[in-house]
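The values are calculated or read from the model by the stated rules, or taken from the named source; none is laboratory data. Nothing here was measured: the structure is a model prediction, and the numbers come from that model. Using ideal geometry, Cβ is built from the backbone for each residue, glycine included, and neighbour counts are taken over all protein chains shown. The protein model used for the area step is the full one, side chains on, heavy atoms only, and it has no ligands, DNA or RNA in it. Shrake-Rupley method; radii C 1.70, N 1.55, O 1.52, S 1.80 Å.
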Amino acid sequence: MDGFPYKELADIPIPRDVQPGPGWSAQMREMADHIGAYDTLIISERYGGQDVYIPIDAAKNPFHPLIGAAKSRAISFVYGRLTLAIPTARYALNVARRASIIAAVRSDMLTVAHAARIMGVRRDYASKLVNRTQEGLGAEPPAIGRKVDPRQIDMFAEA
C-alpha cells in the first residue's frame with residue numbers, strides 16, 4: 001500500500017470510460033452527447049467557473065488543444081457564437097475519480113482508511129461507498145507496480 005501512486009483525489013486522472021451520472025448538469029449531459037463524457041469533464045476541469053465564448057471557427061475554439069479538431073468542430077457547430085458558462089463539476093469530477101479508488105478497496109489493493117485519506121472523506125463514509133453503494137462497480141483499480149524498462153526482456157514469458 002505504500003506504493004500506491006496517488007496521495008489525493010485531484011491526482012487521479014479522469015477515467016476515459018466515465019459516464020454521465022451524479023453531479024452532471026443538463027448542460028454537461030448535452031455536451032457529453034456531442035463530444036463524450038470524458039472530454040466534457042476535461043473541459044469542466046480546465047474551464048470550470050468561467051464564461052467562455054465559442055467562435056464559429058473551430059480552429060479558434062479555446063477547447064481545441066484539449067479535445068482535438070473533430071470535437072472542437074462539433075462544439076463550434078452546436079454552440080458557435082454563444083458564451084457558455086462552464087460548470088465547475090466538482091462533484092461529478094470527484095465521483096469519476098474516486099471510482100478507481102473504490103475499485104482498489106474492493107480488490108484489496110487499499111484499505112478503507114487509506115482510501116478515505118485519498119478521497120478526503122471520513123472513514124465511515126468511505127466504507128459506505130465501498131460496501132453499500134453501486135459506485136465504482138465496473139471501474140478498474142489504478143495500475144500499480146514496479147516500473148518496467150521496455151528494453152528489458154521478460155524472464156518468465158510463456159513461449
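Observations
- Radius 14 Å from Cβ of Tyr125, net charge of other residues (Lys, Arg +1; Asp, Glu -1): +4
- Atom-type composition of the exposed protein surface of segment 1-125 places 51 percent of the accessible area on carbon and sulfur (1.4 angstrom probe).
- Heavy-atom surface of the chain, accessible at 1.4 Å and reported per residue (Å²): 62 Å²
- q = 0.14, 0.17, 0.20, 0.22 Å⁻¹, segment 1-98: log10 I(q)/I(0) [Debye, one scatterer per Cα]: -0.51, -0.72, -0.95, -1.11
- Estimated 222 nm signal from helices in the chain, with DSSP H stretches of n ≥ 4 weighted -39500 (n - 2.57), rounded to 500: -13000 deg cm²/dmol
- Under the span-like rule (Cα at least 20 Å along the axis, Kyte-Doolittle mean at least -0.5), DSSP H helices of the chain: 90-106
- Once both labels are positioned 7 Å from their Cα atoms along Cα-to-Cβ, the gap between Asp51 and Thr111 label points is 5.0 nm.
- Modelled this way, with points 7 Å down the Cα-to-C-beta line, the labels at Thr88 and Asp33 are 2.7 nm from one another.
- Table column - 3J(HN,Hα) (Hz), segment 8-15, Karplus curve with 6.51, -1.76, 1.60, x for Gly and Pro: 8, 4, 5, 6, 7, x, 5, x
- In a DSSP loop and with at most 16 other Cβ atoms within 10 Å, the trypsin sites (Lys or Arg not before Pro) in segment 1-107 are Lys7, Arg16, Arg81.
- Mean Cα-pair separation over length for segment 1-49, i.e. relative contact order, pairs under 8 Å, 6 or more apart, %: 31 percent
- Gained length - Lys128 relative to Lys60, 0.36 nm times residue gap less alpha-carbon distance: 19.9 nm
- About its Cα centre, the chain has a charge dipole of approximately 360 debye under the convention of +1 per Lys or Arg Cβ and -1 per Asp or Glu Cβ, with nothing else charged.
- Sequentially through segment 54-62, phi angles give Karplus couplings (6.51, -1.76, 1.60; θ = phi - 60°) of 9, x, 5, 6, 4, 5, 9, 4, x Hz, Gly and Pro residues having no value and appearing as x.
- For the chain, the relative contact order works out to 25 percent when only alpha carbon pairs closer than 8 Å and six or more residues apart are counted.
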